[in-house]
Amino acid sequence: MTKRSEPIFNVPAIVLAVIVVCLVVHLVRTYLFTDADDDAFLSLFAFIPARYDHALALRMGIPDNWACDLWTLVTYAFIHGSWMHLVLNTVWLLPFGSAVARRFGSWRFLAFFAVTAIAGALAHLVTHLDAEQAVIGASGAISGFMAAATRFAFQRNGPLSFIGADDEAYRVPAVPLAAALRDKRIVVFLGMWFGLNILFGIGTLAVPGIDQQVAWQAHIGGFLAGLLLFPLFDPVVALAPPALDGSGGEEQPVESDDAPPAIE
């Protein structure tokens, strides 16, 4: 008997639902809204740091009530600036969002999406106090999914390719963060990810087809939240840290068919 694999394009329904919401929002803004309608929509649902300064919000004519202050921390993630912006975020959400959705389930996925989006917005806020430019896009939350995926995808029998892996591959136990950071592959991935975002921040790199400034601080905020808060959402029992033997050294793993995946 051969091991059954998931179809390549078997995307979890919750991931498709998020993509559809983003698509519908962009279609309405592009084809149904006037410029005035779109400005009003963005004033209600985009994340605007200036909103948290009452006097500045009044001058700009944007709502600054407590409800709007709260919901825009999440709603901005469903709005995109262009078709290219939406396509690029969809391309990244499909593999990383799907991996996390298969592991977390729908409700944890949505909660994690909200928390990492909030973290991205707050990271942008603390570095752009009183900024009047609106922030939109799901990149902060997607960065959180990327970080979460690194916590289990690199483990033995994990879904490293994200393609054709069976359900069990998405439920391999994760190791503690300190142990994960001893994996050279994870360190290389983190270094490349942070390096690229720093290059975006200093203007060395630009995203093709996107004229707007990249809110790279939001990416980093979402990524760090995903990396650090992963255990709070993970339904899979994590691997315990290596125990110490009586001599003060680490116990050696026992080779057996029932042993948990070894830490590389």
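Quick notes on this one:
- Heavy atoms of ILE186 accessible to a 1.4 Å probe, total area in Å² rounded to 10: 0 Å²
- For region 53-173, the residue among ALA149, GLY120, SER139 whose Cα projects farthest onto the positive side of the dipole built from Cβ charges is ALA149.
- Packing, as the average of other Cβ atoms within 10 Å across residues, places the peptides 170-181, 56-67, 73-84 in the order 73-84, 170-181, 56-67, highest first.
- With all protein chains in place and ligands, DNA and RNA left out, the 1.4 Å accessible area ranks GLU168, GLU132 as GLU168, GLU132, largest first.
- Length gained on full extension, ARG29 to TRP83: 18.3 nm, using 0.36 nm per residue less the C-alpha separation.
- Size of electric dipole in region 26-171: Cβ of Lys, Arg +1 and of Asp, Glu -1, about Cα centre, debye, nearest 20: 720 debye
- Applied to region 34-45, the Karplus parametrisation 6.51 cos²θ - 1.76 cosθ + 1.60 on θ = phi - 60° returns per-residue 3J(HN,Hα) values of 7, 4, 5, 4, 5, 4, 5, 4, 5, 5, 8, 10 Hz, with x for Gly and Pro.
The values are calculated or read from the model by the stated rules, or taken from the named source; none is laboratory data. A quick note: this is a predicted structure, and the numbers were derived from the prediction, not measured. Neighbour counts are summed over all protein chains in view; Cβ atoms, including those assigned to glycine, are modelled from backbone coordinates with ideal geometry. What goes into the accessible areas is simple: the full protein's heavy atoms, side chains included, and nothing from ligands, DNA or RNA. Shrake-Rupley method; radii C 1.70, N 1.55, O 1.52, S 1.80 Å.
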